[in-house]
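> Take a look at the following structure, please.
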Amino acid sequence: MSQIADTPSRTSSFILITLLALVRYLFIFLMAFVLFSLIILIAGKDPILAVKDTFSSTLGSAYGFSEVIVKMIPLIFTAIAVALPSRVGLINVGAEGQLYMGAWLATWGALTFAASPTWLILPLMIVLGMIGGGLWAFIPAFLRARGLVNETITTLLMNYVAPSVVTFFIYGPWRSPGNALYPQTIDFVPAARLPTFFGTRVHLGLVIALVMLVLYWFVMKNTRWGLEMRAIGGNPQSARRNGIPVTIYLIVILCVGGAIAGLAGMSEISGIHGRLRPGFSPGFGYMGFLISWLAGGSPMGILVMSFVVALISSGGDILQISQGLPYAVVNILLAITLCVVLARPAILKGKKA
Amino acid sequence: MTDSVSQATTAKEPLFVLRGITKSFPGVIANEHVDLDIYGGEVHVLLGENGAGKSTLMKILYGFYRADSGQILLNGEPISIRSPHDARGVRIGMVFQDFTLIPAFNVAENIALFIPGLKAVPNIKEVHRRINELSERYNLQVNPQAMVSQLSIGEQQKVEILKLLLSDARLLILDEPTRVLAPHEVSALFSVLDSLRKDGYAIILITHKIKEVLECADRITVLRRGRVAGSLPRFEASEDKLVAMMFEKELSRLQVSPKPALDESVPPLLELRGVETRGEGAATSLKEIDLNIYPGEIVGVAGVSGNGQKELGDVILGLEKCISGTKFMFGEDYTNRSIQKVRRSGVGFIPEDPLTMATAPFMTVLENMALSKTWRYARLGGLAMDWQAVKTDMEDTLKKLGFSLSLHIPAKSLSGGNRQRMVIVREMAHNPHLIIASYLTRGLDVQSTIAARQALIQARESGAGVLLISEDIEELFTLSDRLIVLHSGKTVGTLKPEETNIYEVGYLMTGSEVRHVPNC
């Protein structure tokens, strides 16, 4: 019996899988755009024009394209922050909160060690960003590992706490004295800013994000820890009996996820804003969740999907100006995409997120 | 009801006839041109290895699957059975391996639910009366008002049979009914089947235990790889003949070497002193467990499942916490050590349910094989895995045990028996010092059973200690040097196999004073 079910040749199955994935993504976007067009029609605008505007403004110019890449950076981070815990069966909805706390602790570093040289302050901020996000994730991780509360609920709820913590500091101890209208911290010293490339806003965060993505791929694919994590995700009971320290993994992995989300916050404030502002994230954490699900947790998928979501999100900014559509339509489009993914027929199903 | 059944007997025409039944699943041909004649008043045994197609064939007859081709005839007329509902319409009933009773209902309610054409306001009294009448007649005593959740497995089986009788079935299909029963319960079941047969019922019993076949069959049909290897009446059958029909080649016999005299002067591999656990929910709590396992010893644990076997294994593994007592392993205190430490010290664990307790279903067989010893195959401090080493080790062990498995397919696509083989290979590799084996041979065919048992004996000879948890008393008697019996989480007996018999053990297992019912 064991001989019958042997694997077909690997190349042909690889081509088949790639084709299926292509069909799957095309179908998802087709469905999403059809529904999206319907909504734009209802709003009394021209959907074809809207789509055309979106593409010409983003992919049509070097500047537009660079802006898409800029948006992509935090999305890659937050998508990994969701995808990594999902490998061990944890659902991290809290990337948004972890992002804020990462930005918060990194800001503390930038303000406190403002006199330090770049080679010291930037790595310090990166580490602090990771610690901030990681510690924020430790709370739900600990509660989950002790079997007290499900991490889905705690991570989600803590998303509402983190921005308030940030806001408190901005309105309180860190408020810049010069600007009464827009509460924010003082500008970071130039040493605390991530370098940018080619005169665009694309910053060093892109490299860090790509390194993280490669690391994520490498760890899952090749290492002992990746193997053990997949075993936990596949069947926690069996993993526990096989002597894999499941509890430790659950805590560590959710914290690492939080740390990576914290990096998103750090790179945003250091690379883009140069100061901490309330509400600086337009929901990167939630978009990362969406990307991780769309990508089925695969590193390549995360790269592609964060580009697509960044494109849609940038397009939304343009639509506000050119068509007078509210930015909320972008959220509607993303929500529709998620619904299509969740409701996809069995034939289009890939790996679970 | 019984009248019409007897008519069929006197005519000596087969009741149901299966002709040319063929059924294939993706990649497997489960049944190929199977012919079967089923007579009233006979116990017809379907015998075959795991995966021989016995259950599939019966599920086709019961309308669970539809055959790709072939016919089912009732009194010479072709009929079509498309669902279990159709099957019940022609008075076929089936008892599955996993019972389908509702635990929160009492016996009468469970049975009433199954009666065809049940009135909107059922007459429960009438149901009670019929249950009592039938249970008296066929020795199937159960209390109609007892909750099913309170019944033992043996009693639940009686309820399943009663259910079929009350719903007017005349062909009863029993899928491995003895798998879960204690020895005296098996004898009781066979005497029930005997009296049903005398009343003209047709009975099909699926099994892979040759001994049982010879005890209760009138007619035996052997399936091998989906085909009928032969069909013969009881008086022509013998153990050797049946084995030869089940397998093409000669079976290697189990080599049980004379048990070595136990040297109790050496320190035990495992020493449990007054161990207690607190079971949550449906779990059993262990009470005052004392257990020693010495090197070169197989300690058998007998007991009806759910009496603390799982907890005993888990306590040794470290998954279950001791609330009192101590656990010493290899001379060190392991009472509060983690599973990782226990595993790394050389403990192999073959759980009762390999799918949920030992397998990551979406990972390949090879990856699964590395799971219990990831540290052993990690290179560069964990940055890489040495898959070649995993492969070599596992292929060696596969060869030693005489199993074969495809290593690169996902574990979920393995059959139950192959999954068990995978776990056995994984746990037996690298010569563990202590092996905890629960239901070692569950789901294995005769050949692999022998190989798996041989592996335990080899392990014993090389100085390992084995805790063998099983419901197969014969297995325990053949392999164990010492036997303990668990009942309700307590050790109710510590015995030597040569100084006791299976009935004594059976009574201890069930914790009852039931008299032994003679065989049919």
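> Inspect the stretch A:234-253 for any residue being among the aromatic types (Phe, Trp, Tyr) and farther than 19 Å from B:Trp375 by Cα and give the result as yes or no.
Scanning the stretch A:234-253 turns up no residue that is among the aromatic types (Phe, Trp, Tyr) and farther than 19 Å from B:Trp375 by Cα.
> State the number of residues belonging to the stretch B:345-388 that are surrounded by fewer than 21 Cβ atoms within 10 Å (Cβ to Cβ), within 7 Å of chain A (Cβ to nearest Cβ) and within 12 Å of A:Asn235 (Cβ to Cβ).
Selection size over the stretch B:345-388: 3.
> Oh, and also: With A:Gly109, A:Gly133 as the choices, which residue is in a helix (DSSP H, G or I), under 17 Å from the mean Cα position of the chain (by Cα) and not hydroxyl-bearing (Ser, Thr, Tyr)?
Result: A:Gly133 is the single residue among A:Gly109, A:Gly133 that is in a helix (DSSP H, G or I), under 17 Å from the mean Cα position of the chain (by Cα) and not hydroxyl-bearing (Ser, Thr, Tyr).
Here is a yes/no grid of residues against (1) within 14 Å of another protein chain (Cβ to nearest Cβ); (2) in contact with a strand residue (DSSP E or B) (Cβ under 7 Å, 6 or more places away or on another chain); (3) surrounded by 16 or more Cβ atoms within 10 Å (Cβ to Cβ); (4) modelled with pLDDT of 75 or more:
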| site | (1), (2), (3), (4) |
| --- | --- |
| A:Ser2 | yes, no, yes, no |
| A:Thr11 | no, no, no, no |
| A:Leu19 | no, no, no, yes |
| A:Phe27 | no, no, no, yes |
| A:Met31 | no, no, yes, yes |
| A:Phe36 | no, no, yes, yes |
| A:Ser56 | no, no, no, yes |
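> Exactly one condition in (1) farther than 21 Å from B:Pro103 by Cβ; (2) in contact (Cβ under 8 Å) with a residue 60 or more places away in the chain is false for B:Ser152; which is it?
Of (1) farther than 21 Å from B:Pro103 by Cβ; (2) in contact (Cβ under 8 Å) with a residue 60 or more places away in the chain, only one is false for B:Ser152: (1).
Every residue, every condition in (1) among the hydroxyl-bearing types (Ser, Thr, Tyr); (2) more than 23 Å from B:Tyr294 (Cα to Cα); (3) under 18 Å from the mean Cα position of the chain (by Cα), yes or no:
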site	(1), (2), (3)
B:Phe403	no, yes, no
B:Leu407	no, yes, no
B:Arg419	no, yes, yes
B:His433	no, no, no
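> As an exercise: evaluate B:Val423 against (1) facing chain A (nearest Cβ under 10 Å); (2) modelled with pLDDT of 85 or more; (3) farther than 19 Å from B:Pro351 by Cα and give the number of the one condition it does not meet.
With (1) facing chain A (nearest Cβ under 10 Å); (2) modelled with pLDDT of 85 or more; (3) farther than 19 Å from B:Pro351 by Cα applied to B:Val423, the lone miss is (3).
> Right, something else. Identify, from the list A:Gly64, A:Gly89, the residue that is surrounded by fewer than 21 Cβ atoms within 10 Å (Cβ to Cβ), outside any helix (DSSP H, G or I) and in contact (Cβ under 8 Å) with a residue 12 or more places away in the chain.
Every option except A:Gly89 fails the conditions.
> Count, please, the residues in the stretch B:463-488 that happen to be in a loop (DSSP other than H, G, I, E, B) and either modelled with pLDDT under 85 or among the basic types (Lys, Arg) (or both).
3
> Here's a follow-up. Quick check on the stretch A:215-230. Is at least one of its residues farther than 29 Å from B:Pro432 by Cβ, crowded, with 16+ Cβ neighbours inside 10 Å, touching a residue at least 12 places away in the same chain (Cβ under 8 Å) and away from chain B (no Cβ under 13 Å)?
yes
> Give the residue, chosen from B:Glu311, B:Glu276, that is within 21 Å of B:Val423 (Cα to Cα) and in contact (Cβ under 8 Å) with a residue 40 or more places away in the chain. So that I can check it myself, show each step before the final result.
Details: B:Glu276 fails: within 21 Å of B:Val423 (Cα to Cα).
Result: B:Glu311 is the single residue among B:Glu311, B:Glu276 that is within 21 Å of B:Val423 (Cα to Cα) and in contact (Cβ under 8 Å) with a residue 40 or more places away in the chain.
> Now for a different question. Would you be able to tell me the number of residues in the stretch B:389-415 that are within 13 Å of chain A (Cβ to nearest Cβ), surrounded by 14 or more Cβ atoms within 10 Å (Cβ to Cβ) and either in contact with a Lys or Arg (Cβ under 8 Å, 6 or more places away or on another chain) or among the aliphatic types (A, V, I, L, M) (or both)?
Within the stretch B:389-415, residues that are within 13 Å of chain A (Cβ to nearest Cβ), surrounded by 14 or more Cβ atoms within 10 Å (Cβ to Cβ) and either in contact with a Lys or Arg (Cβ under 8 Å, 6 or more places away or on another chain) or among the aliphatic types (A, V, I, L, M) (or both) number 8.
> Oh, and also: Being among the β-branched types (Val, Ile, Thr) and surrounded by 19 or more Cβ atoms within 10 Å (Cβ to Cβ) is the filter; apply it to the stretch B:96-144 and report the residue that is farthest from B:Val186 (Cα to Cα).
B:Val127
> Could you check the stretch B:365-381 and list, in sequence order, the residues that are out of contact with any Phe, Trp or Tyr (no Cβ under 6 Å at 6 or more places or on another chain) and over 20 Å from B:Gly416 (Cβ atoms)?
B:Lys373, B:Thr374, B:Trp375, B:Arg376, B:Tyr377, B:Ala378, B:Arg379, B:Leu380, B:Gly381, listed by residue number.
> Hey, another quick one. I'd like the full set of residues that are more than 17 Å from B:Pro351 (Cβ to Cβ), away from every other protein chain (no Cβ under 14 Å) and outside any strand (DSSP E or B), limited to the stretch B:288-330.
Once the filter is applied, which keeps residues that are more than 17 Å from B:Pro351 (Cβ to Cβ), away from every other protein chain (no Cβ under 14 Å) and outside any strand (DSSP E or B), the stretch B:288-330 yields B:Glu288, B:Tyr294, B:Pro295, B:Gly296, B:Val304, B:Cys322, B:Ile323, B:Phe330.
The values are calculated or read from the model by the stated rules, or taken from the named source; none is laboratory data. Quick caveat, the model's predicted, so the values are computed rather than measured. Heads up, the Cβs are rebuilt from the backbone with ideal geometry, glycines too, and the neighbour counts pull from every protein chain shown.
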